[in-house]
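Beneath this line is the structure, given in structure tokens, with notes to follow.
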Amino acid sequence: MSSARTWRFGVVGTGAMSATMMECLALERRVDVVAVASVDAARARAFADRFGIAHAHAALDALLARDDIDAVYIATATRDHAAHAIAALEAGKAVLCEKPFAIGVAHGQRVLEAAQRSGRLFM
């Protein structure tokens, strides 16, 4: 019997990369995708319905406030990666972010500092 934990994920973004990642996450029995967030409520709900995700949010803050999410996968517009990663880290979530995770050295440094302060995994 394995003692491996199940990681409860939130997905941020509903585009092609998120859809591709959902296919990958579905293969991992130790992952449970709990919620999705998009700036468009209808897109969030459609994505949730497509992939059997129970909760859809029209705001990142609502997803990050959930106690039943351990980690987030970020696949939003590149310009938003750093801000979304910092918000997730500050909310106590581990982060898996699409590349590039920042649009410049200064943004990247702020993300790394947030990861160090939070003590959470950032990839």
Scanning the stretch 55-74 for residues that are surrounded by fewer than 22 Cβ atoms within 10 Å (Cβ to Cβ), touching a residue at least 24 places away in the same chain (Cβ under 8 Å) and not in a helix (DSSP H, G or I) gives 65, 66, 68, 70, 71
Across the stretch 29-54, the tally of residues that are open to solvent by less than 60 Å² (accessible area, probe 1.4 Å) and either assigned to a loop (DSSP other than H, G, I, E, B) or not aliphatic (A, V, I, L, M) (or both) stands at 4
- Query: In this structure, is residue 21 open to solvent by 60 Å² or more (accessible area, probe 1.4 Å), in contact (Cβ under 8 Å) with a residue 12 or more places away in the chain, of a type outside the set (Val, Ile, Thr) and closer than 11 Å to residue 75 by Cβ?
  - Reply: no
For the stretch 90-110, the count of residues that are touching a strand residue (DSSP E or B) at 6+ places or on another chain (Cβ under 7 Å) and either more than 21 Å from residue 17 (Cα to Cα) or open to solvent by 30 Å² or more (accessible area, probe 1.4 Å) (or both) equals 2
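Report yes if residue 122 is touching a strand residue (DSSP E or B) at 6+ places or on another chain (Cβ under 6 Å), aromatic (Phe, Trp, Tyr) and open to solvent by 20 Å² or more (accessible area, probe 1.4 Å), otherwise no. Can you show your working first?
Details: touching a strand residue (DSSP E or B) at 6+ places or on another chain (Cβ under 6 Å): yes; aromatic (Phe, Trp, Tyr): yes; open to solvent by 20 Å² or more (accessible area, probe 1.4 Å): yes.
So residue 122 fits the description; yes.
Under the condition of being in a helix (DSSP H, G or I) and touching a strand residue (DSSP E or B) at 6+ places or on another chain (Cβ under 9 Å), which residue from the stretch 75-85 is surrounded by the most Cβ atoms within 10 Å (Cβ to Cβ)?
Within the stretch 75-85, the subset in a helix (DSSP H, G or I) is 78-85.
Checking the rest, the ones that are also touching a strand residue (DSSP E or B) at 6+ places or on another chain (Cβ under 9 Å) come to 80-82, 84-85.
Details: 80: 16, 81: 25, 82: 23, 84: 23, 85: 28.
Per the criteria, the residue is 85.
The values are calculated or read from the model by the stated rules, or taken from the named source; none is laboratory data. In this text, all values refer to a predicted model and were calculated from it rather than measured experimentally. Cβ coordinates were reconstructed from backbone atoms using ideal geometry, including for glycine residues, and neighbour counts include every protein chain displayed. Keep in mind that these areas ignore ligands, DNA and RNA; they rest on the heavy atoms of the full protein, side chains included. Shrake-Rupley method; radii C 1.70, N 1.55, O 1.52, S 1.80 Å.
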